[in-house]
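See below for the structure under consideration.
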Amino acid sequence: MLDVLAHRVYRHLFLAQVIALIGTGLTTVALALLAHDLAEGQAGVVLGTALAIKMVAYVGIAPLVGAYASRLPRRTLLVSLDLLRAAVVCALPFVTEVWQIYVLIFLLNACSAGFTPVFQAMIPDILEDEEQYTRALSLSRLAYDLENLLSPMVAAALLMVMGFDVLFVLNALAFVISAALVISVILPASHPLEEAPGVWRRVTHGMRIYLKTPRLRGLLALNLAVSAAGAMQIVNTVVLVRSVLNLGEKEVALAFAAAGGGSMLIALLLPKVLERVSERPVMLLGGVMMALSLYLGWLGPSFAGLVGLWLLLGAGASLVMTPSGRLLKRSCQPEERPALFAAQFSLSHSCWLVTYPLAGWLGVNLGLTGTFALLGTVALAATGLAALIWHAHDPMALEHEHAAQSHTHLHYHDEHHQHEHEGWEGPEPHRHSHHHSPGSHGHVFVIDDHHSHWPS
């Protein structure tokens, strides 16, 4: 898997991602301590509100950035967002009111909502080989899991010798280093995007591609399964360990680590699996595993049992999330990747925006046993829906018919635009009016300006 790091550009970007993630993990710990200082007994409310604001920023900002990312130089955009994140984090130690935390958290995560989809959409342009790209996806999954495991431990060690304010400064430094690593390499140029009339059409472009593609609608259903399982684990682990099992903080940390461990194990094994098996059965298996882990939680497990359930849950989540980039890559034209990755970022976090408060509310009002059962049912129903929407026979090339069409847009001389010119029109891509005659043919099919609906 590590052989993909021999690619210099990807290696620098991967290191930028890892360093930024570790820094963000430090800020998560520091933010909890800051909330306690400002709100004391209401710290949980502050953190819960901050988490909701984070999700709102993710859902609302990502499509806006995705709409215009193809027009902007990638390196300039990524570096600017890294430096903005550094500035916001540096401001956090100086807050004196809770509302200031909310404003800064929104700004911080608005920058992340712009950075992450653009970063993710760029990797397929750097690693064009499918096997290498799959290894990169697994490494990215490992990076997220290691951040969840290592950042709290690093924060605990640092807090023994310094105040939590310094953690914010270290996070800012991490973003600056991330920006420097991005500057150190030449990134592939953005693919010019065909003009979409109107701001709203441009902003919703990625969403339309996503929701009109059956395999991606299946992915959205699986995102709901991941969020249902993940919300149960993230929101209620502390309650399960401390209040139900009457154990200490060490056991809480071990329980959280179990989910990360299960996810890491799958991320290491998955590249080899995907060489032999397609994404659909792998991802559906992940959904079933998550539902099973929640249903088993209905039995009221011991601590060892809970660790086993969270290992199973983390493994199932990784089976769903790790291959998702492959589905997005093959479901759009290269120039539309930023918009489509932004749509995935926004829609997947919309699921979390629902399941986070649902897991908390059910835990308080229905009890943890009922919460396990209900969220397990949500995960299983979502997985079943994905199996129905995403057909087992999912070829890339499809036979389809075209109606006659005349329009003007930015284009290359590709399979849809073979024609002679009467004069010089400059380098490709270029723009002029042209006519498509009716007919039928077969090719790799994606939703775009020439294919507005999936063939029945």
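For the pair L265 and D165, the difference between a 0.36 nm per residue extended length and the Cα-Cα distance amounts to 32.6 nm.
How much length is gained if the chain between E130 and L150 is pulled fully straight, taking 0.36 nm per residue apart and subtracting their Cα-Cα distance, in nm to one decimal?
Length gained between E130 and L150: 4.2 nm.
Of all lysines in the structure, those lying under 16 Å Cα to Cα from K329, and not within fewer than 8 positions of it along the same chain, are K212.
Summing +1 for each Lys or Arg and -1 for each Asp or Glu among the other residues whose beta-carbon sits under 11 angstrom from that of N109 gives +2.
Here's the picture: a label point sits 7 Å out from the Cα of K272 along the beta-carbon direction, and within the stretch 125-141 the residues with their amide nitrogen under 15 Å of it are 135. Highest mean first, the peptides 73-81, 297-305, 276-284, 337-345 sorted by other C-beta atoms within 10 Å per residue fall in the order 337-345, 73-81, 276-284, 297-305. In this label model, R330 and L254 are separated by 4.2 nm, measuring between points 7 Å along each Cα→Cβ vector. Approximating the spin labels as points 7 Å out from Cα along Cα→Cβ, the I389-to-A52 distance works out to 2.6 nm. Using the alpha carbons alone, the radius of gyration of the stretch 205-392 stands to its Kirkwood radius in an Rg to Rh ratio of 1.00.
Values in this text are rule-based calculations from the coordinates and carry no lab data. The model shown is predicted, which means the values in this text are computed figures rather than measured ones. Methodologically, a virtual Cβ is constructed for each residue, glycine included, from the backbone with ideal geometry; neighbour enumeration extends over all protein chains shown.
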